[in-house]
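The values are calculated or read from the model by the stated rules, or taken from the named source; none is laboratory data. In this text the structure is predicted, and so the values were computed from the model without any measurement. With ideal geometry, Cβ positions are generated from the backbone for all residues, glycine too; neighbour counts draw on all protein chains shown.
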Amino acid sequence: MSDSAWIGICHIWQEGTEYSVNIAVWADSRDGYDDKLQSYFTDRNLQLVWSEEVLPAAEWMQKHPAAKEVPGLAEMVHAGHLVEMGAISSEVTKDYVHIEEIADVEPLDMQLGAAKKKTVPDALYPLLFGKPEGAPQKLYAILDAAKVKNLPLILATSELQYRCLFKGKAYEELGDVAPYVIELEEDNDFTRSLFMHAGMPGDLWDKSPGILMRSEGSLDDMWKHFRKFTRVQDETEKWYYFRFWETAIFTHYLANADYVIENAALLFGIRSNLITNFYTICDQRFLKYRLLKRPPHPQVRFVLGAKDFELFRKQKWQQFKNRLFDIAIDEHPQQLSDVGFEEFDKVCDDAHGAGYVVETAVYDYVRSKIFCDKNDLDFTQIHGSLSKPSTGSDVDHASRLWTQTNDLIVEKDAPCPS
């Protein structure tokens, strides 16, 4: 291809701030555009963060007819003048990942009597099977065989293309609980089951089975990309399994993406713009994740650092509190009927801050505190009267606290002697 004017939206880093700008380059390809632009920036001591929507000028202007300055930029570049920058915009958003909850999503029922069954809820069809401009995009899922009973057998008869992200010994030993990347198709029964909530054993809407994504890439592209994250190293080169496909882990990680953006951006495949959007079904809410911009200093390899481990610790603690809340409501439905999760969550944090770390100890502390408040008992005084023995554990201490609380409630409610 001969050289011509190419246009791209470029993000530049200047004095600690990121800006965006339209830039025309005399080039023969996307790679040529990036090479000449990088050389131009290096000579002028500017830093290119990333470029996007790089296209031949005619295609770019057809796609962005409202960008009035671009025709002039395209006319100014030639073999003797390789690069022309447009006006630098104001500071771009500091949020790297945009998370949007899709409203009015009703999971599918049995659709009895329907002439043509829906594959996905109406509100999700444009996102998952719509035909965007440009190259056609496919819908993929990475599903956890530990969450979907008999997943390998189901996929074998699904008429869908799929691959396990584990191979070799890991596949032989863990294939039944491994992650599988699947190319989902419209009008397919298994695809439909991901969005069904009709009381059938195969319904997966409320099972949090994994994550969804749209991409122009092939199944092999997806497999090669995501296999890199199944096992990752920390800064000391110690290996860890990273179960990024678990909905709880994924949603927590991307919800805090600004904190770990160098790693989070790699999940999107930023070097090749592989992933357009991620999606999750979390607590029956459908969430969309879009990378707004690349980090100022993108890295090549996913490396776990202190920030990642802190996020994992917080996510594990939050999962623990969610589970404990469900247990408490099941065991004390009447007494805790008016206790919301926010109150319960705060008391769990108080328990942890007071040195209670074992599940049963935290549980006994939390329900003691809540029961004391509901029965006008002085929890601080009761807790303080049971000082921890030097040889005792937090489990023993919390158990005695719960017993003491119950005894005081019974004593308080006992009828006065005649």
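Got at least one residue in segment 171-186 being in contact (Cβ under 8 Å) with a residue 60 or more places away in the chain, farther than 25 Å from F229 by Cβ and not in a helix (DSSP H, G or I)? Yes, some residue in segment 171-186 is in contact (Cβ under 8 Å) with a residue 60 or more places away in the chain, farther than 25 Å from F229 by Cβ and not in a helix (DSSP H, G or I). Can N263 be described as out of contact with any His (no Cβ under 9 Å at 6 or more places or on another chain), in a helix (DSSP H, G or I), polar (S, T, N, Q) and surrounded by 15 or more Cβ atoms within 10 Å (Cβ to Cβ)? Yes. If you go through segment 168-212 and keep only what is polar (S, T, N, Q) and modelled with pLDDT of 95 or more, you end up with N188, T191, S193. With respect to D189, is the statement that it is assigned by TED's automatic domain parsing to the domain that holds R285 and either at positive phi or free of Cβ contacts under 8 Å to residues at least 40 places away in the same chain (or both) true? Yes; evaluated as a whole, the condition is true for this residue. Count of segment 39-51 residues, restricted to those that are surrounded by fewer than 14 Cβ atoms within 10 Å (Cβ to Cβ) and assigned to a helix (DSSP H, G or I), is 3. Which of the residues belonging to segment 230-260 are of a type in the set (F, W, Y), under 25 Å from Y171 (Cβ atoms) and surrounded by fewer than 17 Cβ atoms within 10 Å (Cβ to Cβ)? Selection gives W239, Y240, Y241. Take the conditions part of a loop (DSSP other than H, G, I, E, B), in contact (Cβ under 8 Å) with a residue 40 or more places away in the chain and not assigned by TED's automatic domain parsing to the domain that holds S272 and apply them to A24. Does it pass? The answer is no for A24.
Residues to consider are P152, P179; find the one that is surrounded by 12 or more Cβ atoms within 10 Å (Cβ to Cβ) and under 25 Å from R285 (Cβ atoms). Give the steps one after another, and end with the answer.
Values: P152 fails: under 25 Å from R285 (Cβ atoms).
Only one candidate qualifies: P179.
Criterion first (under 28 Å from E183 (Cα atoms), among the hydroxyl-bearing types (S, T, Y) and assigned by TED's automatic domain parsing to the domain that holds L108) does T236 satisfy it? Working first, answer last.
Numbers: under 28 Å from E183 (Cα atoms): no; among the hydroxyl-bearing types (S, T, Y): yes; assigned by TED's automatic domain parsing to the domain that holds L108: yes.
Spelling it out, it is not the case that T236 is under 28 Å from E183 (Cα atoms), among the hydroxyl-bearing types (S, T, Y) and assigned by TED's automatic domain parsing to the domain that holds L108.
Inspect segment 52-65 for any residue being on the phi > 0 side of the Ramachandran plot, touching a residue at least 24 places away in the same chain (Cβ under 8 Å) and surrounded by 15 or more Cβ atoms within 10 Å (Cβ to Cβ) and give the result as yes or no. Before you say what the answer is, go through the steps one by one.
Residues of segment 52-65 on the phi > 0 side of the Ramachandran plot: 53.
Still in the list and also touching a residue at least 24 places away in the same chain (Cβ under 8 Å): 53.
Cutting the leftovers down to surrounded by 15 or more Cβ atoms within 10 Å (Cβ to Cβ) gives us 53.
Looking for residues that are on the phi > 0 side of the Ramachandran plot, touching a residue at least 24 places away in the same chain (Cβ under 8 Å) and surrounded by 15 or more Cβ atoms within 10 Å (Cβ to Cβ), one finds at least one in segment 52-65, hence yes.
Against the test of being of a type outside the set (D, E), in contact with a strand residue (DSSP E or B) (Cβ under 9 Å, 6 or more places away or on another chain) and either under 23 Å from Y125 (Cα atoms) or modelled with pLDDT under 95 (or both), the options L155, L165 yield a single qualifying residue, L155. Taking every residue in segment 108-127 that is within 14 Å of F190 (Cα to Cα) and pairing it with any residue that is modelled with pLDDT of 95 or more and among the hydroxyl-bearing types (S, T, Y), at least 6 positions away or on another chain, the pairs with Cβ-Cβ distances below 7 Å are T119/T191.
If I filter segment 292-306 for residues that are more than 30 Å from S368 (Cβ to Cβ) and either in a strand (DSSP E or B) or touching a Cys at 6+ places or on another chain (Cβ under 9 Å) (or both), do I get at least one hit? Before the answer, list the steps.
Restricting attention to segment 292-306, the residues satisfying the condition of being more than 30 Å from S368 (Cβ to Cβ) are 292-306.
Right, trim to either in a strand (DSSP E or B) or touching a Cys at 6+ places or on another chain (Cβ under 9 Å) (or both) and you get 303-304.
Checked segment 292-306: at least one residue is more than 30 Å from S368 (Cβ to Cβ) and either in a strand (DSSP E or B) or touching a Cys at 6+ places or on another chain (Cβ under 9 Å) (or both).
Report, by residue number, each residue of segment 357-384 that is farther than 17 Å from D413 by Cα and not hydrophobic (A, V, I, L, M, F, W, C). Hits for segment 357-384 are E359, T360, Y363, D364, Y365, R367, K369, T380, Q381, H383, G384. Any chance segment 72-80 includes a residue that's modelled with pLDDT of 85 or more, touching a strand residue (DSSP E or B) at 6+ places or on another chain (Cβ under 6 Å), surrounded by 12 or more Cβ atoms within 10 Å (Cβ to Cβ) and part of a loop (DSSP other than H, G, I, E, B)? Checked segment 72-80: at least one residue is modelled with pLDDT of 85 or more, touching a strand residue (DSSP E or B) at 6+ places or on another chain (Cβ under 6 Å), surrounded by 12 or more Cβ atoms within 10 Å (Cβ to Cβ) and part of a loop (DSSP other than H, G, I, E, B).
Would you be able to tell me the number of residues in segment 222-260 that are assigned to a helix (DSSP H, G or I) and farther than 25 Å from Q161 by Cβ? Total meeting the criteria: 11. Among the residues of segment 335-356, those identified as part of a loop (DSSP other than H, G, I, E, B) and under 21 Å from L401 (Cα atoms) are Q335, L336, V339, A354, G355, Y356. Which condition number does V83 fail, the rest of (1) at pLDDT 90 or above; (2) under 30 Å from the mean Cα position of the chain (by Cα) being met? With (1) at pLDDT 90 or above; (2) under 30 Å from the mean Cα position of the chain (by Cα) applied to V83, the lone miss is (2). Only a single criterion out of (1) outside the structural domain of G199 (by TED's automatic domain parsing); (2) of a type in the set (V, I, T); (3) outside any helix (DSSP H, G or I) is not satisfied by V120, namely (1).
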